[in-house]
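To keep things clear, I will list the structure first and then write my remarks on it.
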Amino acid sequence: MIRKATPDDFAELAELWLRASCQAHPFIAEDFWQQQQMAMQRNYLPLAKNYVYQATPASPIAGFASVVQHKLAALFVAPELQGQGIGWALLTHVTQLQPLLELDVFEQNLDALRFYYRFGCRLQDRSLHPETQAWQLTLVYP
């Protein structure tokens, strides 16, 4: 089930974001992500349209997607639930609401790159992420 997130979900989303970010980005120090967690909860999530995936209304949030205008700002699935179609379902939902999307993904995050390319995203640009000095790719859909 996919539903719109509420502010009551933001703490759980920020925790899921932290766990998934640390797992997906071993090339970036964990303390970078830990330092960003409160900003994610208090600043970034409130600015976005957030959609959460839950197996049932009573189950924990399994993943979420955040959109700001035409930008997919976040797409994260709990590490223990990845590979089960949750990210695909969230991205499908988001593209039905916002058919033109742009997103940034770290070049070294090969699993995410394969996922986005399989979904139909195309490379638009490559740049250096200023805070981490890691290369990031800007992809567009469709």
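The values are calculated or read from the model by the stated rules, or taken from the named source; none is laboratory data. This structure is a prediction, so every number in the text was calculated from the model and none was measured. Cβ coordinates were reconstructed from backbone atoms using ideal geometry, including for glycine residues, and neighbour counts include every protein chain displayed. Remember, those area values only see protein heavy atoms, side chains included, never the ligands or the DNA or RNA. Shrake-Rupley method; radii C 1.70, N 1.55, O 1.52, S 1.80 Å.
Computed over the chain, relative contact order equals 20 percent, with contacts defined as Cα pairs under 8 Å that lie 6+ residues apart.
Remark on A74: its backbone amide H falls under 5 Å from those of S66, a criterion applied only to residues 5 or more positions apart or on other chains, H modelled at 1.01 Å from N.
Where only DSSP H runs of four or more residues are counted, the chain gives -10000 deg cm²/dmol as its mean residue ellipticity at 222 nm, each run worth -39500 (n - 2.57). Ranking V105, T132, L91 by how far each Cα lies toward the positive end of the dipole of the stretch 81-142 (charges on Cβ) leaves L91 at the top. Accessible area per residue for the chain is 55 Å², calculated with a 1.4 Å probe on protein heavy atoms, without ligands, DNA or RNA. Relative to the Cα centre, the charge distribution of the chain, modelled as +1 at Lys and Arg Cβ and -1 at Asp and Glu Cβ, gives a dipole magnitude of about 480 debye.
Spin-label model, M38/R122: points 7 Å from Cα along the beta carbon direction are separated by 4.3 nm. An ellipsoid equivalent to the stretch 57-142, defined through the eigenvalues of its Cα gyration tensor, has semi-axes of 22, 16, 12 Å when rounded to whole angstrom and sorted largest first. What a 1.4 Å probe finds exposed on the chain is 53% carbon and sulfur by accessible area, rounded to a whole percent.
At the residue level, W135 shows approximately 110 square angstrom of accessible surface with a 1.4 angstrom probe and all protein chains present. With K and R counted +1 and D and E -1, the other residues having a Cβ less than 15 Å from that of A78 yield a net charge of -4. Per-peptide packing, taken as the mean over residues of other Cβ atoms within 10 Å, places 24-33, 125-134 in the sequence 24-33, 125-134 from highest down.
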